[in-house]
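The values are calculated or read from the model by the stated rules, or taken from the named source; none is laboratory data. Since the structure is predicted, the reported quantities are computational estimates derived from the model, not experimental observations. Cβ placement follows ideal geometry from the backbone for every residue including glycine, while neighbour counts extend to all protein chains displayed. Note: accessible area is taken over every heavy atom of the protein model, side chains too, but ligands, DNA and RNA are not part of it. Shrake-Rupley method; radii C 1.70, N 1.55, O 1.52, S 1.80 Å.
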Amino acid sequence: MKITYPHMGNLYIVIRALLESLGLELVLPPPTSRRTVELGVRHAPEFACFPFKLNLGNFIEAYELGADTILMAGGVGPCRFGYYAQVQREILEDLGYHMDMVVLEPPDTSWRELRDKIRYLIGRKSWWEVIKAIRFAWFKARAVDVVEEQVLYLRPRVQQTLELEKLYREALKKIDEAPDKKSLDRVVDHYLALMKGLPQKPGPFLRVGLVGEFFTVLEPFANYDIERRLGSLGVEVNRSIYLSAWINEHLFRGLLRVKGLEHTKELAAPYLKSFVGGHGRETVGSTVDYALQGYDGVIHVAPFTCMPEIVAHSILPAVSKDYGIPTLTLYLDEHSGEAGIVTRLEAFVDLMAARRERKLKGEAGKWIFT
Amino acid sequence: MTRVGIPRALLFYYYYPMWKAFFTEIGVEIVVSPPTNKRILEEGLKAALDEACLPVKLYFGHVLALVGKVDYLFVPRIISAEQKAYICPKFMGLPDMLRARLRDLPPIIDIPLDLRRPENTLDDFLKEVGHVFTRDRYLIKRAIEAAHRADQRFQELLVKGYLVPEVIEDLQGSGSSRKGVAQNWRPLKIGLLGHPYNIYDPFISMDLIGKLHRMAADVITGDNLPSAVIDEQTRFLPKRLFWSLSRKLVGAALKFFESENLDGVIYLTSFACGPESLVSELVTRWAKKNSSLPFMLLTVDEHTGEAGMVTRLEAFIEMIRWRKRNEDHLSAYGKLVHRY
Ligand code: SF4
């Protein structure tokens, strides 16, 4: 059994830790590239969401490398993500690529279902070994998050930005290679110290919150590397969702106590009284959260045609108006032009800067949304 | 008398008979927005988000057509209309989207309908709606009974072959179009797939049903199939479809594909619809693989021109006629050989 999985940001590090500690063979899809997009777009339905297309491209590329089993997450609606696997399998079958799909999701009928799926993957391994593997994978997810958070903070600040990116890449590589928890902690401490040691510019810096659909937030290829672009425009980005929070929410059903998006539900309530699937309600709530924390603006990213985020986007102008916080929504897919995105980001940064200046001078902030 | 506005859009096409009976019994006047027209569309396009789907944009237009004419707007938050299923995220946030984008709306009745769990019932929902207008529990009880009777009658007529708009027109008392028997006499028979608010709204569908009728084709939709048939057909899907409208559509499609007295299947879908982007892909693939019936997918949006659609429709029907004339020379209609 050669297992592959769809890319989502740095998730590969976590998956590798999980599968390899269980002695399973992993075939990582090549990093998502133009070719991945082309393959996905060619074979996916035209109006499927962008993550669907990228996943499909990953599967095809992994198949070419010999993968025969796909491991992915699922769901039970109402977001389309919950039905990806079934449609993707149909497409792969029609292409003549026979691959098994193991979809980890809340079971429909009984927990037996989920247990059987895991059994199928792990063979004769004991549950204790599974738990150990999950724990280790979880530590890796946390390690990635801690480093990323630091990078987001430092990007606008450091003078040698290239050096920072280099350290970031190295840190990821070392985290990926770390064989146990102890060396993992050492790697994290080591790189955090190196990064913090880089000479910094004096502030203040604009602060922006990044909200939206989780795949688009977590996958730089899907969001056109928005965090790095904002960093180089001198903006500190705070991300509303991290890998570990996503894993906790989707795979552990919120059992672990890490900061997630639970609190945003209440914040969203005056504007959106129901969950709407995906992260729609969290998007609205996180925007309120950022406004309350005095951020300069919120950037909202989503794949084109994403239903929960369309509901959220419909509502954001009301939040923006009540709290006087500027928001920018970007729908991203294979048709988005890089130049257009850059222009819109630059304009938004200017707007935030002007607003901050006005605020410092004591004028009431005007609300603006796009 | 208190007037309650009901937009003629989205699930109006399923719930109108029930709602009408309920509100009438309660003693409330209901006002339905006029059939979709250009103005309603334009107002909707202006008010709703660009990225929203056409049916949601139209809903905005219909709401605006009611503003100023009613005391309440009835926009229940439809989270789920059956166990373990949703309709679409946009239905779940509909009242909130309206409030965030439209000014000076009358009070919205946005009581949630959530039947995902068996302990939540339609009756509880109706009770809550009734409480907005009266404290008379006996009256509410009568209204609930009336609602059930009306819905049952509606379902019976559908299974007999009447089309949703025919029944609704009758209820609105605009002529007695209904004859003793349902349509069943035209030489061709077409299975029509699509969300109710697309296929039954003559403006969105560009009167597809009327056009088919004039081309001498009877139309049957998924709504004309008893729900047991839908359940039966969708039982073997590799995964339960958690969108109610899609589940019905897939059930109907599979039934149509194995039907011996249909001449073709048309699937009408609207641009940028989330669930349909995946479901239409599955249905189209199955149509090719598992059915020998002629199949056509029509996608509409606010820019679709009528001329193009008419051309495609005519070509499709012409092909079916040709096929029918030459039927003897073709292999027998294929049965569904492979099912998921
Ligand atoms: S099901 Fe499709 S058409 Fe209907 S509201 Fe949702 S996205 Fe729009």
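Below are the figures for this structure:
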quantity: Probe 1.4 Å, accessible area per residue of segment A:203-370, Å²; calculated: 39
quantity: Largest-first ellipsoid semi-axes for segment B:198-281, taking √(5λ) over the Cα gyration tensor eigenvalues, angstrom; calculated: 22, 17, 10
quantity: Compactness index (Cα Rg / 2.2 N^0.38 Å), segment B:3-159; calculated: 1.03
quantity: Nonlocal amide H pairs with A:G209, under 5 Å, H built at 1.01 Å; calculated: A:N238, A:G297, A:V298, A:I299
quantity: In sequence order, calculated HN-Hα J values of segment A:323-330 (Karplus, 6.51, -1.76, 1.60; Hz; x Gly/Pro); calculated: 9, x, 10, x, 10, 10, 9, 10
quantity: A:K196 paired with B:R186, simple spin-label distance in nm, labels 7 Å along Cα-to-beta-carbon; calculated: 7.5
quantity: Which of B:R325, B:R99, B:R135 is most accessible, then next, and so on - probe 1.4 Å; calculated: B:R135, B:R325, B:R99
quantity: Distance histogram in 10 Å bins (all Cα pairs of segment B:181-326, percent per bin); calculated: 11, 44, 36, 9, 0
quantity: FRET efficiency for A:R186 and B:A216, using Cβ-Cβ distance with R0 set to 60 Å, rounded to 0.05; calculated: 0.15
quantity: Of all accessible heavy-atom area on the protein assembly as shown, the percent that carbon and sulfur account for (1.4 Å); calculated: 53
quantity: For segment B:286-299, Karplus couplings with θ = phi - 60° (6.51, -1.76, 1.60), whole Hz, Gly/Pro x; calculated: 5, 4, 6, 7, 10, 9, 9, 6, x, 9, 9, 9, 10, 10
quantity: Per residue solvent-accessible surface (Å²) - chain B, probe of 1.4 Å; calculated: 43
quantity: At 0.890 mPa s and 25 °C, Stokes diffusion of segment A:47-155 via Kirkwood alpha-carbon radius, µm² per second; calculated: 150
quantity: Theoretical gain in end-to-end length, A:A353 to A:E334 [0.36 nm per residue, Cα-Cα removed]; calculated: 3.8 nm
quantity: Amide H contacts of B:T299 (H built 1.01 Å from N, under 5 Å, at least 5 apart or other chain); calculated: B:T269
quantity: Estimated 222 nm signal from helices in chain B, with DSSP H stretches of n ≥ 4 weighted -39500 (n - 2.57), rounded to 500; calculated: -14500 deg cm²/dmol
quantity: Highest-MSF residue in chain A out of A:F50, A:F215, A:F205 [GNM, Cα springs under 10 Å]; calculated: A:F205
quantity: Gap separating the Cα centres of segment A:62-111 and segment A:197-235, nearest whole Å; calculated: 32
quantity: Karplus (6.51, -1.76, 1.60) ³J(HN,Hα), θ = phi - 60°, over segment B:104-111, in Hz, Gly and Pro reported as x; calculated: 6, 7, x, x, 9, 8, 10, 4
quantity: Segment A:2-123, relative contact order [Cα under 8 Å, separation at least 6], %; calculated: 25
quantity: Inter-probe distance in nm under a simple model that places probes 7 Å from Cα toward Cβ, at B:T304 and B:R149; calculated: 3.9
quantity: Solution diffusion estimate, µm²/s, Stokes-Einstein, the protein assembly as shown, Kirkwood Rh from C-alpha pairs, 4 °C, viscosity 1.567 mPa s; calculated: 47
quantity: Computed [θ] at 222 nm, deg cm²/dmol, chain A (DSSP H ≥ 4; -39,500 (n - 2.57); rounded to nearest 500); calculated: -17000 deg cm²/dmol
quantity: Those residues of segment B:277-304 for which accessible area with every protein chain present is at least 40 Å² below the isolated value (1.4 Å probe); calculated: B:S277, B:L278, B:E281, B:L282, B:R285, B:K289
quantity: At least 20 Å² accessible surface lost relative to isolated chain, residues of segment A:276-323 (1.4 Å probe); calculated: A:V276, A:F304, A:T305, A:M307, A:I310, A:V311, A:H313, A:S314, A:I315, A:A318, A:K321
quantity: Calculated P(r) of segment B:21-80 - Cα pairs past 12 Å, %; calculated: 70
quantity: Gain on full stretching of the segment that runs from B:L45 to B:K160 - 0.36 nm per residue minus C-alpha separation; calculated: 37.7 nm
quantity: Loop-located GluC sites (Glu not before Pro) in segment A:41-72 whose Cβ has at most 16 other Cβ within 10 Å (DSSP); calculated: A:E46
quantity: Projected label distance in nm at B:E260 and A:R169, using a 7 Å step from Cα toward the beta-carbon; calculated: 6.7
quantity: Interchain or long-range residues, amide H under 5 Å from B:W243's placed H; calculated: B:Y86
quantity: Normalised per residue, the volume of the convex hull around the Cα set of chain A (Å³); calculated: 136
quantity: Accessible surface buried upon A-B contact (total; probe 1.4 Å; Å², nearest 100); calculated: 3600
quantity: Whole-Å distance, taken between Cα centres, linking segment B:248-272 and segment A:263-335; calculated: 37
quantity: Stokes-Einstein diffusion coefficient of segment A:203-370, Kirkwood radius over Cα pairs, 4 °C, 1.567 mPa s, in µm²/s; calculated: 80
quantity: Estimated FRET transfer efficiency (B:R137, B:R285; beta-carbon r; R0 51 Å; 0.05); calculated: 0.45
quantity: Distance histogram for chain B (every C-alpha pair counted, 10 angstrom bins, percent rounded to whole numbers); calculated: 5, 24, 34, 25, 9, 2, 0
quantity: Added length on full extension, which subtracts the Cα-Cα distance from 0.36 nm per residue, A:D94 to A:E149; calculated: 15.6 nm
